[in-house]
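Chemist: The structure's right below; bear with me while I get my questions together.
The values are calculated or read from the model by the stated rules, or taken from the named source; none is laboratory data. Bear in mind the structure is a predicted one, so any value in this text is a computation, not a measurement. Glycine gets a Cβ as well: all are built from the backbone with ideal geometry, and neighbour counts include every protein chain shown. Ligands, DNA and RNA are stripped out before the accessible areas are found, and what is left, the full protein with its side chains, is counted by its heavy atoms. Shrake-Rupley method; radii C 1.70, N 1.55, O 1.52, S 1.80 Å.
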Amino acid sequence: SSDYQSGGGFSDVAVDGNTDGNWNNGSVTATYQSSKDPWWTVDLENGYLIESIAVWNRNAYSERLADFVLTISRDGVDVYTYTHAGVLAGVGTANEIKLSQPVTGDKVKIQIFGEERILSLAEVQVFAFCGSEITPSPTSSPSIKPTALPTVSPTASPTAGPTASPTALPTV
């Protein structure tokens, strides 16, 4: 996003953990007044299974977070969009946007539309399931090569001694 250069307003303060919506306390973002369709985004760096997002507005000029669109994307593709009509509740209130079902995303974007608009945020918090980075599914058939380390659980019917070559399929 574009930052307001006079007295702060930098985009990173929306993810500093401080929900204080008072501009003078240094934890509120702002874009330039001459911005067309201003936006703010956070890159999560990995895909997470997002279940909700909490947004805090500033305590003055709350209309700077009115009629916004929140978008979650994954690898550049939008996977979820929420449109908020009207002004978001003011300072001290976490406005939770709860997804009807979790989606995997790596970026969250908040945008307002129009000429000469200013976008301001006090804080944005993204809530995802712990360890939710999506990993590939396990293979449907095991490899023929043995692993370097023993398995955690023993086989149902162990052999009396080591075999000369690994078995083609594991025992159940």
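Chemist: Tally Lys and Arg at +1 and Asp and Glu at -1 over the other residues with C-beta under 13 Å from the C-beta of Glu115: what net charge comes out? Write down the numbers at each step before the final one.
Modeler: Numbers: positive: Lys36, Arg117; negative: Asp37, Glu116.
Local charge sum for Glu115: 0.
Chemist: Is the shape of region 1-126 best called rounded, prolate or oblate, per the rule: a/c under 1.5 gives rounded, else a/b larger than b/c gives prolate, else oblate, with a ≥ b ≥ c the square roots of the Cα gyration tensor eigenvalues?
Modeler: Details: a/c = 1.57, a/b = 1.46, b/c = 1.08.
Since a/c reaches 1.5 and a/b is larger than b/c, the shape of region 1-126 is classed as prolate.
Chemist: Label point 7 Å out from Glu96 along Cα-to-Cβ: which residues of region 46-85 have amide N under 12 Å?
Modeler: Counting backbone N atoms under 12 Å from the label point, the list is 51-55.
Chemist: Now, a different point. Give me the number: length gained by fully extending Val69 to Asp16, i.e. 0.36 nm times residue separation minus the C-alpha to C-alpha distance, one decimal in nm. Can you show the working numbers first?
Modeler: Values: separation 53, 0.36 × 53 = 19.08 nm, distance 2.15 nm.
Full-extension gain reported as 16.9 nm.
Chemist: Using only Cα atoms, what is the ratio of the radius of gyration of region 13-82 to 2.2 N^0.38 Å?
Modeler: Working: Rg = 13.5 Å, N = 70, 2.2 N^0.38 = 11.1 Å.
Normalised by 2.2 N^0.38 Å, the Cα Rg of region 13-82 equals 1.23.
Chemist: Take the solvent-accessible surface of the protein heavy atoms, probe 1.4 Å, and return the percent of it on region 2-117 that carbon and sulfur atoms account for. Kindly include the intermediate steps, with their values, before the conclusion.
Modeler: Numbers: 2670 of 5970 Å².
Reported share for carbon and sulfur atoms: 45 percent.
Chemist: What residues have an amide H closer than 5 Å to that of Glu123, excluding those fewer than 5 places away on the same chain, when H is modeled at 1.01 Å from N in the peptide plane?
Modeler: When sequence neighbours closer than 5 places are left aside, the close amide H contacts are Trp56.
Chemist: Find how much the distance from Glu51 to Val77 grows on full extension, using 0.36 nm per residue of separation minus their present alpha carbon separation; answer in nm with one decimal. List each step's numbers first, then the result.
Modeler: Values: separation 26, 0.36 × 26 = 9.36 nm, distance 1.79 nm.
Answer, rounded to one decimal: 7.6 nm.
Chemist: Using 0.36 nm per residue, how much length does the chain from Ser34 to Val87 gain when fully extended, once their Cα-Cα distance is taken away?
Modeler: Numbers: separation 53, 0.36 × 53 = 19.08 nm, distance 2.04 nm.
Extra length from Ser34 to Val87 when fully extended: 17.0 nm.
Chemist: For Tyr80, tell me the accessible area in Å² from a 1.4 Å probe, rounded to the nearest 10.
Modeler: Surface accessible to solvent at Tyr80 totals approximately 50 Å².
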